[in-house]
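Since the structure comes first, as structure tokens, the remarks are kept for the end.
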Amino acid sequence: MPINIVRKVKSEYLFLLTGFLVMLSATIGLLGWTLDIDVFKSVLPNYPTMKFNTAICFMILGFAFLLFIKGKSKAVKIGSYTLLIALCIFSALSLSQDIFNFSAGIDQWAVKDLDGARQHDAFPGRMAPTTSFCFFLIAIAILGLRFKSRSINILAQYIMHLVSLLSFVSVTCFLLSVPNTEAFTFFTSMAVNTSATFLILSIVAANVHKDLGVTGIFTGEKIGNIIARKLFPRLIIVLLIFGYVSMLLQRHHFISPEFAEVISIVLFILAGIFLFRGVLRNMNSLDLKKNVAENEIRLLNKNLEETILERTSELKHSNDLFIKIFNSNPAGIAISTLDTGEYRNVNPALLKILNYKKEEMIGHLSSKLMIIDSETRRRVISLVDEDGQLTNTHITLKDKDGIDRHCLLAMERFEEKGQYYMISFINDITDRRIAEAKLATTYQEAERLADNLTRRNKQLLSFAHITSHNLRSPVSNLNMLLLFYKESNNASDQLQLIEKMDTVVNHLTTTLDELLETISIQENTEKERQELFFEQVFKSVTDILIGELLESKAIVKIDFLKAPNVFYPKVYLESILLNLVSNAIKYRSPHRIPEIVLVSEIVNGKTLLTVTDNGLGIDLNMHGKNLFGMRKTFHRHPNAKGLGLFIVKTQVEAMGGEITAKSEVDKGTIFKIIFNKHTL
Amino acid sequence: MKKLLNLCFIDDDVIFQFMVKRIVTCHNLANKMWLFNDGEVALKYLLEQQQNPLEIPDIIFLDINMPIMDGWQFLAEFKKFKASMAKPVTIYMVSSSNDSRDLGQAKEIEEISGYLVKPLKLEHLEQVINDFLEPQVNRNC
């Protein structure tokens, strides 16, 4: 504790100061003897002097005390003990001279005590017996202070008090001017500076063990100690003053010794009253302070209690709120340990999602219940470890029956009493997932329908085009011919007109037939399909085209290995192959031997047929939009009717497929047919 | 005495050609008359005769729906060299189509002076020829 350290430092300074003071006192004494200065020897003239030996002893005692206090190393301690023991022996020797009445020749070993001789001392130069006794006692007491045994410490402390008492009597005698020639010479023979030095040193040294002996009364921090500290010095001063006054009065015979005693007692009582009054005030003020402090503490306690009550009710309120949120939340909430995943609490919503009873979950591990697989849990925990929380993560949990529940998970990590927990918020989105899947299917269906509609729309537009051009044209011709016929009055001319009309009607019939055929193809999207092998169908087509193939010397290469078959209406596939191959021959280049390549393959799960030729090619920039149109021809070929590609396109699209072309003039043409683009 | 014009018909329909020839001949509507089966043949002729005003038709009656090169394609090609022609050529679209899309497309093209829906009758031809000879009258209408 800092205060104790301060006090310790303070008392150490006091000890050191006292040690130096003792040595100073000794030095003054020694100077007095060596330089023969009376004041230095006895303070007052004609009073007993501090003997040279005494001064030497004080020097040793002071030094020993300093070593004793500062001594930390063993050598210094031993030095201090040695000096003290030497002092013991020397003082005992000096004292024994008085007791056994002999001279050891130590009294004037260094200097002659002329003053002592002058004052008719029995043994000049010898320390007073009180002095030597005090040296003996104080040396022993200091030695005793450092013993480990507490009882010896106590004994040493009381010996120290005895030195204080002896020196105090001596000082008091001096203060009260008790003549040294009268009784108690045992005490009075001690020089005043000697006794003062003893008094100071013994009192200070008693502070080494503050708690022991009389010192304990004055040094504590309790109220009794404080009173003792305040009262005792005043008591001493009062006693000294009254003692002195009554002694003076008595000595000069103003009053009789008995009366002096009476006065002394009365005055002491009066002074006592004042002193007690002072003490009383002191105590009262202390009591008051104590009461105030107590009241303050009580008030503080009360405030604290109120605060605690308030906090407790707040806590209770927030706890209630938490329980409400926890129990009635539509989202599933679980509190589990971070390390093991043991459920500590789960809310009704979670129980409903996972189909468990509360007691089946609480206290059980998530891994044991197989709610979450260990790999997912590891992944989730590592994510939470990174930033303490997790938001909206897709996770699949298993309910009690092992059925997958698709969930959105949010997590937060928290600590309580050194244990990490997770609070998990779980939203069951299984139904949403199903709905989403349904929506996706519906969307696909809608897209397919939209595709069909678009195609239908295109067909309608193309039909409108066909009717306005291909049907209206022969009808308008018929109208005109009929008009001419009516206006004509020439039989041969009329016959000619009838022949023309016949041509137009034939043409119109063909066109109508073709149109009806087209419409029936377009309408019949559910035409019966069958498993067809490209190679077989191709064979039947080449049988039909054998004449053209031979005549043109065309080279036909096929590769149907990658996609040998297709699920398709036989007539359509025959028509497609027939038209494409016959076109390739019909529009061949006169400069090259025709080469036709047919390859089937699967691309993105769809069956694709590619027909490549090295023929005339078509300028698609110019004719691209008419390529698959009805009655669109691009070459001056006698058999070009502009119908083949139109029929092929109609058939392919009616079956949910797509046909595209790439071409370069005088290089060749590539047709690509995806048979089942819009179907599975 | 009316001035006789040089007329040109581009149409693949042989019956139409027969009827046009009959009307023009019977009513003596043209000085010279050309009949072409498709746009490509007509284009080829015009390119050959572009510096020869006497052999260039005053009015071309152009069908839309033809093989090889249809009416639209012919117009696109004709546009490229019409500035270098020795004399201006008036073009009328003639089609059996009364489809609004075809009419709309014809209006977009500045080379086309009008759109005639088949059957093409005598009075239609006379009207076109009169408009050509007396443009003011047409404008005042």
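The values are calculated or read from the model by the stated rules, or taken from the named source; none is laboratory data. Here the structure is a predicted model, which means the values were calculated and not measured. When we count neighbours, we look across all protein chains shown, and the Cβ atoms used for this are built from the backbone with ideal geometry, even at glycine. These area figures cover heavy atoms from the full protein model, side chains too; ligands, DNA and RNA do not enter into them. Shrake-Rupley method; radii C 1.70, N 1.55, O 1.52, S 1.80 Å.
Kindly provide the set of residues from segment A:444-466 that are without any contact (Cβ under 8 Å) to a residue 40 or more places away in the chain and open to solvent by less than 60 Å² (accessible area, probe 1.4 Å), ordered by number.
A:ALA446, A:ALA450, A:ALA464
Which of the following residues is open to solvent by 80 Å² or more (accessible area, probe 1.4 Å) and either of a type in the set (S, T, N, Q) or within 14 Å of chain B (Cβ to nearest Cβ) (or both): A:ASN489, A:ASN470?
Criteria check complete, one pass: A:ASN489.
Does segment A:588-610 contain any residue that is within 14 Å of chain B (Cβ to nearest Cβ), outside any loop (DSSP other than H, G, I, E, B) and over 18 Å from A:SER540 (Cα atoms)?
Within segment A:588-610, none of the residues are within 14 Å of chain B (Cβ to nearest Cβ), outside any loop (DSSP other than H, G, I, E, B) and over 18 Å from A:SER540 (Cα atoms).
Any idea how many residues of segment A:626-666 are open to solvent by 50 Å² or more (accessible area, probe 1.4 Å) and more than 10 Å from chain B (Cβ to nearest Cβ)?
Count: 9.
Does B:LEU5 satisfy the condition of being over 25 Å from B:GLN105 (Cβ atoms) and either among the hydroxyl-bearing types (Ser, Thr, Tyr) or open to solvent by less than 30 Å² (accessible area, probe 1.4 Å) (or both)?
On the way: over 25 Å from B:GLN105 (Cβ atoms): yes; either among the hydroxyl-bearing types (Ser, Thr, Tyr) or open to solvent by less than 30 Å² (accessible area, probe 1.4 Å) (or both): yes.
Taking the combined requirement at face value, the residue satisfies it.
Look through segment A:614-625, keep the residues that are closer than 23 Å to A:ARG592 by Cα and open to solvent by less than 30 Å² (accessible area, probe 1.4 Å), and return whichever of them is farthest from the other protein chains (Cβ to nearest Cβ).
So the residue we want is A:GLY615.
Scan segment B:1-8 and tell me whether some residue there is more than 14 Å from chain A (Cβ to nearest Cβ), touching a residue at least 24 places away in the same chain (Cβ under 8 Å), touching a Cys at 6+ places or on another chain (Cβ under 9 Å) and more than 24 Å from A:HIS637 (Cβ to Cβ). Explain how you work it out, then say what you get.
To start, the set of residues in segment B:1-8 that are more than 14 Å from chain A (Cβ to nearest Cβ) comprises B:1-8.
Adding the requirement that they be touching a residue at least 24 places away in the same chain (Cβ under 8 Å) leaves B:2-8.
Adding the requirement that they be touching a Cys at 6+ places or on another chain (Cβ under 9 Å) leaves none.
No, there is no match, as no residue in segment B:1-8 is more than 14 Å from chain A (Cβ to nearest Cβ), touching a residue at least 24 places away in the same chain (Cβ under 8 Å), touching a Cys at 6+ places or on another chain (Cβ under 9 Å) and more than 24 Å from A:HIS637 (Cβ to Cβ).
Of the numbered conditions (1) open to solvent by less than 20 Å² (accessible area, probe 1.4 Å); (2) farther than 19 Å from A:GLY402 by Cα, A:ILE371 fails exactly one; give the number of that condition.
Just one mismatch for A:ILE371, condition (2).
So A:ILE434 passes all but one of these: (1) at pLDDT 85 or above; (2) more than 29 Å from A:LYS352 (Cβ to Cβ). Which condition number does it fail?
(2)
Considering only segment A:433-440, I want to know if a residue exists there that is touching a residue at least 12 places away in the same chain (Cβ under 8 Å), of a type outside the set (Ser, Thr, Tyr) and assigned to a helix (DSSP H, G or I).
To start, the set of residues in segment A:433-440 that are touching a residue at least 12 places away in the same chain (Cβ under 8 Å) comprises A:433.
Next, only the ones that are of a type outside the set (Ser, Thr, Tyr) stay: A:433.
Checking which are assigned to a helix (DSSP H, G or I) leaves us with A:433.
Among the residues of segment A:433-440, at least one is touching a residue at least 12 places away in the same chain (Cβ under 8 Å), of a type outside the set (Ser, Thr, Tyr) and assigned to a helix (DSSP H, G or I), which makes the answer yes.
Is there any pair with a first residue in segment B:65-78 that is at the interface with chain A (Cβ under 7 Å from one of its Cβ atoms) and within 17 Å of B:VAL117 (Cβ to Cβ) and a second that is part of a loop (DSSP other than H, G, I, E, B) and among the hydroxyl-bearing types (Ser, Thr, Tyr) whose Cβ atoms are under 9 Å apart and which are 6 or more apart or on different chains, and what are they?
Here the result reads B:ASN65/B:SER96; B:ASN65/B:SER97, each pair linking segment B:65-78 to a residue that is part of a loop (DSSP other than H, G, I, E, B) and among the hydroxyl-bearing types (Ser, Thr, Tyr).
Among (1) within 15 Å of B:CYS8 (Cβ to Cβ); (2) within 13 Å of another protein chain (Cβ to nearest Cβ); (3) open to solvent by 10 Å² or more (accessible area, probe 1.4 Å), there is one condition B:GLY39 misses while meeting the rest; what is its number?
Answer for B:GLY39: the failing condition is (3).
For segment A:531-569, which residues satisfy the criterion of being acidic (Asp, Glu) and buried (at least 16 other Cβ atoms within 10 Å of the Cβ)?
Once the filter is applied, which keeps residues that are acidic (Asp, Glu) and buried (at least 16 other Cβ atoms within 10 Å of the Cβ), segment A:531-569 yields only A:GLU548.
Can you tell which of A:TYR572, A:TYR587 is outside the structural domain of A:THR510 (by TED's automatic domain parsing) and either open to solvent by less than 20 Å² (accessible area, probe 1.4 Å) or under 60 Å from the mean Cα position of the chain (by Cα) (or both)?
Only one candidate qualifies: A:TYR572.
Among residues belonging to segment B:17-32 that are outside any helix (DSSP H, G or I) and buried (at least 17 other Cβ atoms within 10 Å of the Cβ), point out the one that is farthest from the other protein chains (Cβ to nearest Cβ).
So, considering only residues that are outside any helix (DSSP H, G or I) and buried (at least 17 other Cβ atoms within 10 Å of the Cβ), the one farthest from the other protein chains (Cβ to nearest Cβ) is B:ALA30.
Out of segment B:13-45, which residues are of a type in the set (S, T, N, Q) and free of Cβ contacts under 8 Å to residues at least 12 places away in the same chain?
B:THR25
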